[in-house]
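No value in this document is a laboratory result; all are computed from the given coordinates. Worth saying up front: this structure is predicted, and the values here are computed from it rather than measured. Note that we place each Cβ from the backbone using ideal geometry, even for glycine, and neighbour counts take in every protein chain shown.
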């Protein structure tokens with residue numbers, strides 16, 4: 001898992017799974033402490049598991065309690081599928097993709 005920053009955006013790439021959750025959690029909470037609205041760009045995420053999605057959901061709830069906001073951007077089909085199967089799509093804010101012509 002690679003984590004880079006671009007202003008209030010965290011760019012995640014690679015496999016988002018149980019092995020990477022500690023680093024992702026720390027990066028999310030650190031970034032949320034600095035920015036009122038953080039975007040987690042997931043366009044480079046190859047695969048995701050339930051443990052990692054729970055980290056994103058908990059970070060989203062923690063942000064809301066502090067008056068901050070976390071948005072997921074660029075969620076591919078595998079990430080969206082896991083969000084729907086786990087019902088965590090109800091907890092996290094997923095940016096809508098623009099309609100394709």
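Structure above, values below:
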{"item": "Test: residue in the stretch 21-31 that is outside any helix (DSSP H, G or I), within 17 Å of residue 71 (Cα to Cα), touching a strand residue (DSSP E or B) at 6+ places or on another chain (Cβ under 7 Å) and without any contact (Cβ under 8 Å) to a residue 40 or more places away in the chain", "result": "no"}
{"item": "Search result, residues across the stretch 50-74 that are closer than 19 Å to residue 15 by Cβ and in contact with a helix residue (DSSP H, G or I) (Cβ under 8 Å, 6 or more places away or on another chain)", "result": "50, 51, 52, 53, 54, 55, 56, 57, 59, 72"}
{"item": "Subset of the stretch 5-20 that is in contact with a strand residue (DSSP E or B) (Cβ under 9 Å, 6 or more places away or on another chain) and under 18 Å from residue 57 (Cβ atoms) - its residue that is surrounded by the fewest Cβ atoms within 10 Å (Cβ to Cβ)", "result": "17"}
{"item": "Filter result for residue 13 (within 21 Å of residue 90 (Cα to Cα), touching a residue at least 24 places away in the same chain (Cβ under 8 Å), out of contact with any helix residue (DSSP H, G or I) (no Cβ under 6 Å at 6 or more places or on another chain) and assigned to a strand (DSSP E or B))", "result": "no"}
{"item": "Qualifying residue in the stretch 81-96 (condition: crowded, with 17+ Cβ neighbours inside 10 Å and part of a loop (DSSP other than H, G, I, E, B))", "result": "yes"}
{"item": "Residues satisfying the stated conditions in the stretch 58-80, i.e. surrounded by 11 or more Cβ atoms within 10 Å (Cβ to Cβ) and part of a helix (DSSP H, G or I)", "result": "58, 59, 60, 61, 62, 63, 64, 78, 79, 80"}
